[in-house]
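Accompanying notes for the structure given below.
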Amino acid sequence: MRCQQEAPVIEKDIWQRFRGEGLKVIAIGPKESSEQASIWCTQHKLTYPVMRDDEGEIYKMYGTGSVPFHILIDQDFLIRLSQEEFERDSYREIIRDTLESSPA
């Protein structure tokens, strides 16, 4: 249920707001078919990419079993944020700081 609530907020308040500044958003959908993911994205009006993680390898790599789980990785592939709860205002601040520290 949290995914359904968070995804549209991430679309509007994170992806649409910061994508022109170099931010990339990728959602990882565990064990969904491509068709299911496509339907889900259409229903929630998402324009950022959703990838499949059939074996849960990405979740294992980052040490989480929680869905959803949020990770912000900077241009040097350093993890700037890693948490289960989506906190719009703190995300915006961390994203802004990360983008401002990025080389032009």
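D13 fulfils the conditions (1) modelled with pLDDT of 80 or more; (2) of a type in the set (D, E); (3) farther than 29 Å from E100 by Cβ except for a single criterion, (3). Listed conditions (1) acidic (D, E); (2) surrounded by fewer than 17 Cβ atoms within 10 Å (Cβ to Cβ); (3) in contact (Cβ under 8 Å) with a residue 24 or more places away in the chain are all met by E6, apart from (2). Among residues of the stretch 41-79 being of a type outside the set (S, T, Y) and part of a helix (DSSP H, G or I), the one that is surrounded by the most Cβ atoms within 10 Å (Cβ to Cβ) is C41. Picking from residues in the stretch 10-26 that are outside any helix (DSSP H, G or I) and touching a helix residue (DSSP H, G or I) at 6+ places or on another chain (Cβ under 7 Å), the one that is surrounded by the fewest Cβ atoms within 10 Å (Cβ to Cβ) is G22.
For residues in the stretch 80-104 being part of a loop (DSSP other than H, G, I, E, B) and over 21 Å from Y59 (Cβ atoms), which is modelled with the lowest pLDDT? Don't jump to the end; show me each part of the working.
Taking the stretch 80-104 as the starting set, the residues that turn out to be part of a loop (DSSP other than H, G, I, E, B) are 84-87, 102-104.
Retained after the next criterion (residues that are over 21 Å from Y59 (Cβ atoms)): 102-104.
On the way: S102: 72, P103: 68, A104: 57.
This residue is A104.
The values are calculated or read from the model by the stated rules, or taken from the named source; none is laboratory data. These figures come from a predicted structure and were not determined experimentally. Neighbour counts are summed over all protein chains in view; Cβ atoms, including those assigned to glycine, are modelled from backbone coordinates with ideal geometry.
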